[in-house]
1. What number, in percent, do you get for the relative contact order of segment 241-310 if the mean sequence gap of Cα pairs under 8 Å and at least 6 apart is divided by its residue count?
2. Under the definition of Cα pairs under 8 Å and six or more residues apart, what whole-number percent is the relative contact order of segment 61-179?
3. So how do 70-83, 215-228 stack up, highest first, on mean other-Cβ count within 10 Å?
4. I need the per residue convex hull volume for segment 75-129, using only the alpha carbons, in cubic angstrom as a whole number.
5. Looking at segment 269-319, which trypsin sites (Lys or Arg not before Pro) are DSSP coil and have at most 11 other C-beta atoms within 10 Å of their C-beta?
6. Taking N as the number of residues in segment 159-205, what is its alpha-carbon radius of gyration divided by 2.2 N^0.38 Å?
7. Once Rh is set to the Kirkwood radius over Cα pairs, what Stokes-Einstein translational diffusion coefficient, in µm²/s, holds for segment 251-321 at a temperature of 10 °C and a viscosity of 1.306 mPa s?
8. D for segment 189-236, whole µm²/s, Stokes-Einstein with Kirkwood Rh over alpha-carbon pairs at 10 °C and 1.306 mPa s: what number?
Amino acid sequence: MNPVAYYSLLAALMFGVNTVLWSGVGAVRWFRHELWPVGAHSSTRTDRRCLAPRLSRVAVLMAAHNEESVIGDAIASVTRLIPPEQVFVASDGSRDATVELVRAAGANVLDLQPNRGKAGALAAGVSEFGLADRFEVVLILDADTELNPDYFTSGLELFSDPDVAVVAGRATTQWRPGTLGLLGKVVVAHRERIYVIVQRLVKYGQALSAMDAVAIAPGFASMYRSRVLREVDMNPPGLVIEDFNMTFEIHRRRLGRIAFHPSAAVARTQDPGNLHEYTRQVQRWALGFWQTVRLHGLLHRGTFWFSLTLYCGELVLSALTLLATALLAVLAAAFALLGFVGVDVALPGVIPPVWVLVLVVLIPDLALTCAVAAGQRRAVILA
């Protein structure tokens, strides 16, 4: 293969065509709506806008399994923004004081025995509490998540578009440096950098109303119109996580648009504080993603499904390319050590020169990291 073409392929696989595409859409959207907003919000659907749901029509639903160490703080955090009678907890087979602490806080609790898993607990909570009939919007919230003070005021406004079925929460990490070692700070800083880059560019582009291609409404803090929860299968068998499945269900059943804005519905999530926990979480997310792809398939109409197919193809191609590069590098080293003469395998050319790695990978990565650190005002991200 021509070296230029080969290095271009490596660069494309490193950053991803899908990522570059949606980042471009997000950058254009940000320029039109944030930097040059004159006329940016005018559309033929303006007259279809409706009133945003009132806070009294919102329910908060949490699944909790042995969460006595955090459930009290979680409910206290939520009830600073919403009355406790609108907070509902499905205790998923808890053997500790979770149920008693929820009741003491004045919230509603469902004691499920035995446990059903997070998705099963959420489905039971929606059904047993009658949330789809009693409320207009249901916030699905993790017990270790803290809502920003303006979470509801900013997030509910996105429901003014009657086509919006879900408002995807915007994640930012909880910074607790006193509880983290040096490696833990690096891991959490890395996760925050990913949050900023993916959400402010890629996800913002996917959420353009004409595209409606948001890949996930994260289960840590996203809001659903209650009518949607009547039609979504929240707990199909064989899945380790629920949020990918619920997002795919929204798109496949064409239940409405998934809205997202980087400054709306912001919540702080507790990310892994060490490399072992981080690796386990990423592996679980990857498994849940591929399980959901297998369940729903890819051959459906729509921008979301085209983007998903492109992304899956890139993941497979990237894995195969990196594996082939590693194998060829090993072969090249073996040929050199064994002193093969007259065998022109042209293997050293598959390993990019240092200047290519610096120009194509390290410089753009460092530039993005510096931009995120400056934007977040957190120099620790540069670690």
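1. 41
2. That works out to 27 percent.
3. Most protected by this proxy first, the peptides run 215-228, 70-83.
4. 75
5. R301
6. Rounded to two decimals, the normalised Rg is 1.57.
7. 106
8. For these conditions, the coefficient is 124 µm²/s.
Every number here is computed from the coordinates shown, using simple stated rules; none is lab data. The model shown is predicted, which means the values in this text are computed figures rather than measured ones. Here the Cβ is made from the backbone with ideal geometry for all residues, glycine too, and neighbour counts use every protein chain on show.
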